[in-house]
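A short write-up of the structure that comes next.
The values are calculated or read from the model by the stated rules, or taken from the named source; none is laboratory data. Remember, predicted model here, so these are calculated numbers, not experimental data. Glycine also receives a Cβ, built like all others from the backbone with ideal geometry; neighbour counts cover every protein chain displayed. For the accessible areas, the whole protein counts, side chains as well, though only heavy atoms, and no ligand, DNA or RNA atoms are used. Shrake-Rupley method; radii C 1.70, N 1.55, O 1.52, S 1.80 Å.
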Amino acid sequence: MRDLKHRNMLVYLVVLLTIITGSSVKVVAESPYRFLTWNVTYSDIYPLGVKQQGILINGQFPGPPIEAVTNDNLIISVFNSLDEPFLLSWNGIQQRRNSWQDGVYGTNCPIPPGQNFTYVLQVKDQIGSYYYFPSLAFHKAAGGYGGIRIDSRPLIPVPFPPPAGDFTVLAGDWYKMNHTDLRAILDNGHDLPFPDGLVINGRGSNGNTFTVDQGKTYRFRISNVGIATSINFRIQGHQLILVETEGDHTLQNTYSSLDVHLGQSYSLLVTMDQTPQDYYVVVSTRFTSQVHTTTSTLHYRNSGAAVTGLPPGGPTTEIDWSLNQARSIRQNLTASGPRPNPQGSYHYGMINTTRTIRLANSAPMINGKQRYAVNGVSFIPADTPLKLADYLKISGVFSLGSISDSPSSNGAYLQTCVMAADFRAFVEVVFENSEDTVQSWHIDGHVFFVVGMDGGQWSTDSRSSYNLRDAISRCSVQVYPNSWTAVYMPLDNVGMWNIRSENWARQYLGQQLYLRVYSPANSWRDEYPIPSNALLCGQAVGHKKIFNSQMMP
């Protein structure tokens with residue numbers, strides 16, 4: 001009955017939008033709706049052979065895959081059967097004009113235990129490989145994640161022949177401790193120990209088999225869903241052709257192995273051109289003194305022999321090797337994106353930036369506890385989601401300008417930090433890393449062009465080395481030790497957007513902020529109104545009467 005009510009509400013909304021915008025029914029029909037109902041539960045899982053409490057969706061770990069086509073509308077009803085609040089976020093889904101659906105605490109109230117929330121989101125003008133994950137309370141360390149695949153619309157050319165099959169590979173580090181124990185370590189002011197191992201699609205070594213036919217080419221979509229370490233991906237005896245990076249078609253370079261940093265996603269084409277037998281699919285940690293490795297099996301359907309011996313070794317701590325590989329990943333300027341026009345028709349290098357934002361990570365001790373910070377500010381969540389507070393004009397929840405545009409030499413402090421930004425500005429963001437560990441950054445609601453990365457201290461002279469022609473466009477980027485990474489980003493999406501470390505301990509202990517992209521127009525052309533099913537919490541509860549009068553029908 002509840003799902004039927006939601007469907008009727010959505011049909012009414014579609015009709016309303018048709019009336020308001022003057023769109024025809026035919027236009028609406030071109031963007032179909034896909035309805036999903038998910039139940040989130042705890043269950044015993046054994047990723048590394050030890051029983052622990054995992055988070056499952058519809059009884060699955062990893063959770064159900066989302067398969068969509070550009071511009072599809074996804075209606076995902078999430079029932080929280082856990083004993084604590086829960087939220088899902090959608091890594092790389094831009095939520096055009098709709099940060100209300102982003103699923104992080106800065107924009108959404110958590111789903112209370114025993115209740116549900118229906119996400120209504122559109123994969124507007126997107127293609128590619130992404131994933132979803134739980135964003136609250138260190139739940140990500142317990143699972144609850146799954147793959148997202150967005151295919152191009154029919155008749156829009158893709159720059160390679162259709163593969164014979166499509167595999168999703170969700171890989172990353174894993175702890176044997178329950179997420180509640182890991183969270184307690186962080187709450188007590190300590191950093192996490194080194195992970196206990198790696199998993200591929202929720203299983204340890206030899207836990208998965210990818211079955212293929214000799215002579216055919218397959219697509220592998222790899223996402224690093226871990227919480228602590230970069231990884232390297234390789235397939236014994238086979239070459240990897242890179243074709244897509246978080247929605248951007250790439251130059252089709254060939255690699256023997258590929259580094260995938262925290263939060264990143266790639267698509268590879270692999271041709272089964274070897275002797276018919278079984279081969280190792282290998283993932284190993286990068287830039288760690290202790291190296292974890294895990295494997296799955298690539299099984300030729302006409303295999304004459306099982307996999308034997310040791311898996312092939314890969315790079316370990318070599319920074320220059322990884323940096324050179326990252327620089328080689330370029331945009332395919334002749335390929336169509338989600339619309340039937342070349343990706344390179346957007347000449348980002350010819351647009352003047354209107355602002356430079358320098359973001360420096362650090363690891364300060366504050367009040368005797370380990371914290372992490374950006375420009376000297378360690379983020380603390382407010383009692384009310386920032387987007388709700390902004391919309392309802394609740395004072396005292398946050399203040400704009402509570403974090404500066406450049407690193408601070410003052411001592412670190414705790415703050416609910418929000419940076420103000422103007423809609424349609426074109427900004428340069430420089431991530432600066434003076435620590436001896438690799439950092440990984442993600443920006444919600446946007447994609448950016450990775451124009452440069454190098455060792456040492458960034459300066460204005462560094463711009464002379466920028467790639468202003470075919471830099472890759474993506475939403476997650478690494479910053480090597482004692483190095484910088486620069487991106488150009490169009491602020492073309494109104495809303496309250498999370499900028500965060502993809503190292504989940506650092507994110508949990510303050511290495512994040514919010515970017516408020518603001519338009520004074522107060523128009524549906526710029527931002528959708530608050531959804532009618534929005535949950536209320538914190539100080540927003542006292543605004544219920546005002547809230548109801550401002551909601552969509």
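Quick notes on this structure:
- On inspection, L121 fails the criterion of being touching a Leu at 6+ places or on another chain (Cβ under 6 Å), more than 26 Å from T245 (Cβ to Cβ), crowded, with 19+ Cβ neighbours inside 10 Å and at pLDDT 95 or above.
- Residue match in the stretch 493-509 (condition: out of contact with any helix residue (DSSP H, G or I) (no Cβ under 7 Å at 6 or more places or on another chain) and either open to solvent by 40 Å² or more (accessible area, probe 1.4 Å) or modelled with pLDDT under 95 (or both)): no
- Matching residues, the stretch 513-543, being among the basic types (K, R) and within 16 Å of K393 (Cα to Cα): R516
- Just so you know, in the stretch 202-224 the residues that are outside any strand (DSSP E or B) and free of Cβ contacts under 8 Å to residues at least 60 places away in the same chain include one that is surrounded by the most Cβ atoms within 10 Å (Cβ to Cβ), and it is K216.
- Flag if N548 is modelled with pLDDT under 95 and either buried (at least 17 other Cβ atoms within 10 Å of the Cβ) or not in a helix (DSSP H, G or I) (or both): no
Residue-by-condition table, conditions (1) at pLDDT 95 or above; (2) within 27 Å of I150 (Cβ to Cβ); (3) among the aromatic types (F, W, Y):
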site: T21; (1), (2), (3): no, yes, no
site: S24; (1), (2), (3): no, yes, no
site: V27; (1), (2), (3): no, yes, no
site: R34; (1), (2), (3): yes, yes, no
site: T37; (1), (2), (3): yes, yes, no
site: I45; (1), (2), (3): yes, no, no
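- Unique match (being in contact (Cβ under 8 Å) with a residue 24 or more places away in the chain, open to solvent by less than 10 Å² (accessible area, probe 1.4 Å) and among the basic types (K, R)) among K140, K176: K140
- For the stretch 490-520, residues that are in contact (Cβ under 8 Å) with a residue 60 or more places away in the chain and part of a loop (DSSP other than H, G, I, E, B) total 10.
- Pick from the stretch 402-421, criterion outside any strand (DSSP E or B) and open to solvent by 60 Å² or more (accessible area, probe 1.4 Å), ranking: modelled with the lowest pLDDT: S409
- Pairs with Cβ under 8 Å, 6+ apart, first in the stretch 47-62 and within 18 Å of T294 (Cα to Cα), second open to solvent by 50 Å² or more (accessible area, probe 1.4 Å): P47/R203; L48/K176; L48/D196; V50/K176
- Residues of the stretch 134-159 that are out of contact with any Lys or Arg (no Cβ under 8 Å at 6 or more places or on another chain) and farther than 27 Å from Y175 by Cα: I150, D151, S152, R153, P154, L155, P157, V158, P159.
- Residue list for the stretch 422-443, filter: out of contact with any Lys or Arg (no Cβ under 9 Å at 6 or more places or on another chain), within 19 Å of L515 (Cβ to Cβ) and either among the hydroxyl-bearing types (S, T, Y) or open to solvent by 50 Å² or more (accessible area, probe 1.4 Å) (or both): R424, S440
- Qualifying residue in the stretch 156-164 (condition: more than 18 Å from the chain's Cα centre (by Cα), touching a residue at least 24 places away in the same chain (Cβ under 8 Å), surrounded by fewer than 19 Cβ atoms within 10 Å (Cβ to Cβ) and on the phi > 0 side of the Ramachandran plot): no
- Filter pass, I351 being closer than 30 Å to L251 by Cβ, open to solvent by 50 Å² or more (accessible area, probe 1.4 Å), of a type in the set (A, V, I, L, M, F, W, C) and in contact (Cβ under 8 Å) with a residue 24 or more places away in the chain: yes
Condition check ((1) within 23 Å of the chain's Cα centre (by Cα); (2) among the hydrophobic types (A, V, I, L, M, F, W, C)) across all residues:
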{"residue": "T217", "(1), (2)": "no, no"}
{"residue": "H249", "(1), (2)": "yes, no"}
{"residue": "D259", "(1), (2)": "yes, no"}
{"residue": "Q264", "(1), (2)": "yes, no"}
{"residue": "L269", "(1), (2)": "yes, yes"}
{"residue": "P276", "(1), (2)": "no, no"}
{"residue": "V282", "(1), (2)": "yes, yes"}
{"residue": "T308", "(1), (2)": "no, no"}
{"residue": "G314", "(1), (2)": "no, no"}
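- Residue list for the stretch 151-179, restricted to those being closer than 29 Å to A505 by Cα, of a type in the set (D, E, K, R) and part of a loop (DSSP other than H, G, I, E, B): K176
- Top-ranked residue of the stretch 43-101 - restricted to ones that are open to solvent by less than 10 Å² (accessible area, probe 1.4 Å) and among the β-branched types (V, I, T), ranked as farthest from K124 (Cα to Cα): I55
- Candidates L310, L333, filtered to the one that is more than 27 Å from P490 (Cα to Cα), hydrophobic (A, V, I, L, M, F, W, C), assigned to a loop (DSSP other than H, G, I, E, B) and out of contact with any Ser or Thr (no Cβ under 8 Å at 6 or more places or on another chain): L310
- Residue in the stretch 478-489 that is in a helix (DSSP H, G or I), surrounded by fewer than 21 Cβ atoms within 10 Å (Cβ to Cβ) and either hydrophobic (A, V, I, L, M, F, W, C) or touching a strand residue (DSSP E or B) at 6+ places or on another chain (Cβ under 8 Å) (or both) present: no
- Qualifying residue in the stretch 316-339 (condition: over 19 Å from Y514 (Cβ atoms), open to solvent by less than 70 Å² (accessible area, probe 1.4 Å), β-branched (V, I, T) and without any contact (Cβ under 8 Å) to a residue 40 or more places away in the chain): yes
- Residue match in the stretch 140-148 (condition: part of a helix (DSSP H, G or I), under 18 Å from the mean Cα position of the chain (by Cα) and not small (G, A, S)): yes
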